[in-house]
Amino acid sequence: FRSAEENRQADGSTFLFAVGDGNHSLATAKSTWEEHKKETGATDDNVRYALVEIVNIYDKGLTFEPIHRVVFNADSEKMISVLEEKLGGKKVEASSKEEMIEAVKKSNADFGFAYKKNGNQKYVILKTEIKELAVSKLQPALDEYLKTVPSIGSGTAVAGGMEIDYIHGTEDVLELGTKDNGTGILLPPIAKESFFETIGKTGPLPRKSFSMGEADEKRFYLECRKLFN
């Protein structure tokens, strides 16, 4: 557990809590309260409050797993070159899928790419010196690329036919990287030690930054209480 003193910033402020709202439960609670205020004129009642759980992200029992990306209908090598420039990285071709996976898993800021070119399967590692959470730099660069570069495919999604999807699990994203129109992007492990620093510097994390646990470990649950009579 990190103390308040360990989280103290240069300006003297302390960052102890971050709000996670991945499934928009907090945003929904706030919207419910705003609607209730408008309808009833209430200023303070049970509807104003939301149920939250305070957890220590440094607990070994709480695992953060990266959520990988796959881009469809993109020029894979052009995209990698653009990301190499934007992220200040260096691309290296891997000799095998296993080599790429191992390299990415041992890093905090390297990315793996799986795609096909002229029928041949390719694996590329993009090495970077990113100090923040790697996804906080990758996602904005991907978004910008999808908006500005024409697609080479015939898709009908946004951004000129290119589209991005978010994938749990290493094997699943690399499987999509074996398809002719897919580029699988493998993200490195989540570096917990840079979590609060990244949020403090850049604000909220990009969408689909991480998952608590692997996809096959997910459980469905319901926590609720009565708000209205």
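The values are calculated or read from the model by the stated rules, or taken from the named source; none is laboratory data. What you are looking at is a predicted structure, and each value in this text was computed from that prediction instead of being measured. Using ideal geometry, Cβ is built from the backbone for each residue, glycine included, and neighbour counts are taken over all protein chains shown. Note: accessible area is taken over every heavy atom of the protein model, side chains too, but ligands, DNA and RNA are not part of it. Shrake-Rupley method; radii C 1.70, N 1.55, O 1.52, S 1.80 Å.
Just wondering, is there one or more residues in segment 108-128 that are farther than 20 Å from I167 by Cα, in contact (Cβ under 8 Å) with a residue 40 or more places away in the chain and touching a Leu at 6+ places or on another chain (Cβ under 9 Å)?
There is at least one residue in segment 108-128 that is farther than 20 Å from I167 by Cα, in contact (Cβ under 8 Å) with a residue 40 or more places away in the chain and touching a Leu at 6+ places or on another chain (Cβ under 9 Å).
Select the strands (runs of 3 or more DSSP E) contained entirely in segment 139-229, then report the ones holding at least 2 residues which are over 30 Å from V52 (Cα atoms) and either among the aliphatic types (A, V, I, L, M) or modelled with pLDDT under 80 (or both).
Filter on segment 139-229 gives 182-186.
Is it true that some residue in segment 35-43 is at pLDDT 90 or above and of a type in the set (V, I, T)?
Yes.
Just give me the residues in segment 33-48 being touching a residue at least 12 places away in the same chain (Cβ under 8 Å) and open to solvent by 100 Å² or more (accessible area, probe 1.4 Å), in sequence order.
Within segment 33-48, just R48 meets the criteria.
Return yes or no: is K105 in contact with a Leu (Cβ under 8 Å, 6 or more places away or on another chain), open to solvent by 10 Å² or more (accessible area, probe 1.4 Å) and closer than 28 Å to T198 by Cα?
no
Need pairs with beta-carbon distance below 7 Å; first residue within 12 Å of A18 (Cα to Cα) and within segment 52-69, second open to solvent by 60 Å² or more (accessible area, probe 1.4 Å); sequence gap 6+ or separate chains.
From residues that are within 12 Å of A18 (Cα to Cα), the pairs are N56/F1.
Can you pull out the residues in segment 100-125 that are in a strand (DSSP E or B) and within 17 Å of the chain's Cα centre (by Cα)?
Once the filter is applied, which keeps residues that are in a strand (DSSP E or B) and within 17 Å of the chain's Cα centre (by Cα), segment 100-125 yields F111, G112, F113.
Check K60, K78, K90, K86 and return the single one that is open to solvent by 60 Å² or more (accessible area, probe 1.4 Å), in contact with a strand residue (DSSP E or B) (Cβ under 7 Å, 6 or more places away or on another chain) and not β-branched (V, I, T).
Testing whether each residue is open to solvent by 60 Å² or more (accessible area, probe 1.4 Å), in contact with a strand residue (DSSP E or B) (Cβ under 7 Å, 6 or more places away or on another chain) and not β-branched (V, I, T) leaves just K90.
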